[in-house]
Amino acid sequence: MGGVAAAAHHSGKKSAQAQAENEYQNQQISQLQAQQAQPVAPAAPPAAPAGVSNDMVTQLENLKRLLDDGVLTQAEFDMQKQKVLAGS
C-alpha cells in the first residue's frame, strides 16, 4: 500500500504544479491583454530644425511629394530645396 500512497502523493504534487503554472500563464495573458487594450497616444510630429519655419517645412514637403510623384527630377528637387532653404 505504500507504493499506492506514494504514487497518489506524487500525482497530486504534479497536479498542483500544473495548476500553478496555468494560473501564472493566465496572469501573463491577462497582463498582455490589458496592455494592448490601453489607447496609444499618437506621436507628435517632429519639430522643425532651428531656423526652419513652418512655411519652409510645408514647401519642402510639397517638393518631396512632387519628387515622389515623378513631377520633379532629383536635380530639380535639389535645386528647389536649396532655394527654399536659402529663403528666396
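Readers should treat all values here as calculations from the given coordinates under stated rules, not as data from a laboratory. Keep in mind that what you see is a predicted model, and the values were worked out from it rather than measured. Using ideal geometry, Cβ is built from the backbone for each residue, glycine included, and neighbour counts are taken over all protein chains shown.
When ranked by the protection proxy of mean other Cβ atoms within 10 Å per residue, highest first, what sequence do the peptides 67-80, 19-32 form?
67-80, 19-32
Measuring r between the beta carbons of D69 and A34 and using R0 = 30 Å, the FRET efficiency lands at 0.10.
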